[in-house]
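First comes the structure, then the notes that go with it.
The values are calculated or read from the model by the stated rules, or taken from the named source; none is laboratory data. Keep in mind that what you see is a predicted model, and the values were worked out from it rather than measured. Counting neighbours? That spans all protein chains shown, and the Cβs are built from the backbone with ideal geometry, glycine included.
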């Protein structure tokens, strides 16, 4: 693993890097549990069933929570982008 | 959900995964740097344990690489085949339109007189053995897995989820509800639970050996919520 992983490796343009910085701010502001949900879904690629078991809720409740988080994340990134234009 | 909406959802999912991956790597790099700055040595035993866990993960997820020496022309041909297969598989996996076109092509080439057309899913026909006869106004389909689940949303962001039971059952959270009632809806047993500002109804159809799970935010009356279940039509 490299010592320093820069945003340049992921995002080619300044606009994408700006979006990532907004996403990072959003992530830093989330609760521990909300962050954990996003890690489990998008980094560890757990299924809704596995996540529901970990968090002791139903699969559908988990699906709804992740959907809300996803929508909130995308909206935050995109809305600020529009405001900035 | 039309093709554009489905593609939009796939895009958002992929984009969020990319953002999360970048975020996770950045955090990991920062933690590693902090660890090095503090000169906190990682014990050999702990490092071995981590390495073993990582190895185990990748052993599960990556095929064994076979090293064969091939002539250049054969290698190029093999690579071309692989790339075409990957592109085809990817397109097949992600595009319903592509899947349908492929199936239609196969039908056309195999049967001169066959007249079958596979079309994209209609929002009103989500499950093979039942139909949602009524939904509250303004709720539109936002996520969908054929014959398994459908997620609807209204303009205010309230969610309504319908799950068709599979593999013999559904997990129901009955712990500390505000209230819970047993009901009979059109001859089918049901349990209504109100908890944490959301309705939850589990409906069983013993004749079809089917369980339906409906969850909704508290954005409608109980009568409206029950009407969703009452208007479900099961196909015999």
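The set of residues in region B:191-216 being in a strand (DSSP E or B) and more than 21 Å from residue B:126 (Cα to Cα) consists of B:191, B:192, B:193, B:194, B:195, B:198, B:199. Among residues of region A:41-61 being more than 10 Å from chain B (Cβ to nearest Cβ) and in contact (Cβ under 8 Å) with a residue 12 or more places away in the chain, the one that is nearest to residue B:198 (Cα to Cα) is A:55.
Sub-8 Å Cβ pairs linking a first residue in region B:71-93 that is farther than 30 Å from residue B:7 by Cβ to a second residue that is modelled with pLDDT under 75, at least 6 apart or interchain, are B:78/B:70, ordered by first then second residue.
When each of B:52, B:24 is tested for being in contact with a helix residue (DSSP H, G or I) (Cβ under 7 Å, 6 or more places away or on another chain), assigned by TED's automatic domain parsing to the domain that holds residue B:98 and more than 30 Å from residue B:96 (Cβ to Cβ), the lone residue that passes is B:24.
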